[in-house]
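Reviewing the structure listed below.
The values are calculated or read from the model by the stated rules, or taken from the named source; none is laboratory data. All values reported here derive from a predicted model rather than from experimental measurement. No Cβ is skipped: glycine too gets one built from the backbone with ideal geometry, and neighbour counts run over all protein chains shown.
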C-alpha cells in the first residue's frame with residue numbers, strides 16, 4: 001500500500017492519475033485496501049483539479065440554449081418565458097439582455113440557477129457603456 005498525500009503539483013497530479021488508472025485496471029474487490037485507496041486517491045485528484053482548473057459559470061444565454069437542447073425545446077416553446085417571438089429571437093441572438101421577469105420565469109420554469117441568469121453579459125455591458133458615454137443620437141444621425 002502506498003502512502004497517499006495531498007496533491008500539490010502538476011507532477012504529483014500526473015503520478016496520481018497514472019496510479020489511479022492502474023488501480024482501476026485491477027478492478028479491486030469491494031471493501032479491499034485497493035478499493036479504499038482508489039476512493040481516497042479519486043478525492044485527492046478531484047480536490048487538486050477543482051483548485052487548479054476551476055470551471056466558471058456559463059453565460060446566461062448559453063445556459064438557456066443548453067437547457068433548451070437538453071429538453072428538446074424550440075424557440076416557439078420559449079414564448080412563455082420571453083413574451084413574444086421577437087424577444088425570444090433577440091435574446092437568443094444576444095441582441096437583448098434578459099429582463100428580471102424573464103430571469104424569474106426561466107429560473108422557475110426551467111430550473112436554471114438564478115445566479116447564472118443574473119450575470120452581466122456583453123450586451124448589458126455595451127448598453128451601459130453607451131448610456132454612460134456622451135453619445136448624442138441626433139448628432140450621430142445627422143452625420
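Would you call residue 44 over 22 Å from the mean Cα position of the chain (by Cα), touching a residue at least 40 places away in the same chain (Cβ under 8 Å) and part of a helix (DSSP H, G or I)?
Working: over 22 Å from the mean Cα position of the chain (by Cα): yes; touching a residue at least 40 places away in the same chain (Cβ under 8 Å): yes; part of a helix (DSSP H, G or I): yes.
Spelling it out, residue 44 is indeed over 22 Å from the mean Cα position of the chain (by Cα), touching a residue at least 40 places away in the same chain (Cβ under 8 Å) and part of a helix (DSSP H, G or I).
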Practice problem: Could you tell me whether region 46-58 includes any residue that is closer than 23 Å to residue 111 by Cβ and surrounded by 11 or more Cβ atoms within 10 Å (Cβ to Cβ)? | Solution: yes
Self-check item: Enumeration of residues in region 65-91 that are part of a loop (DSSP other than H, G, I, E, B) and more than 19 Å from residue 104 (Cβ to Cβ)
Solution: 72, 74
Quiz prompt | Options 18, 62, 39; residue that is under 26 Å from the mean Cα position of the chain (by Cα), in a helix (DSSP H, G or I) and either loosely packed, with under 15 Cβ neighbours inside 10 Å or touching a residue at least 12 places away in the same chain (Cβ under 8 Å) (or both) | solution = 62
Quiz prompt | Of all residues making up region 5-15, the number that are over 27 Å from the mean Cα position of the chain (by Cα) and part of a helix (DSSP H, G or I) | solution = 3
Exercise. Considering (1) at pLDDT 90 or above; (2) surrounded by fewer than 15 Cβ atoms within 10 Å (Cβ to Cβ); (3) in a helix (DSSP H, G or I), say which one residue 140 fails and leave the rest.
Key: (1)
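Just name the residue that is surrounded by the most Cβ atoms within 10 Å (Cβ to Cβ) out of those in region 21-36 that are assigned to a helix (DSSP H, G or I) and out of contact with any helix residue (DSSP H, G or I) (no Cβ under 8 Å at 6 or more places or on another chain).
Step one: of region 21-36, the residues assigned to a helix (DSSP H, G or I) are 21-26, 33-36.
Pick out the ones that are also out of contact with any helix residue (DSSP H, G or I) (no Cβ under 8 Å at 6 or more places or on another chain) and you get 21-22, 25, 33, 35-36.
Numbers: 21: 9, 22: 11, 25: 8, 33: 10, 35: 15, 36: 13.
Filtering region 21-36 for residues that are assigned to a helix (DSSP H, G or I) and out of contact with any helix residue (DSSP H, G or I) (no Cβ under 8 Å at 6 or more places or on another chain), the one surrounded by the most Cβ atoms within 10 Å (Cβ to Cβ) comes out as 35.
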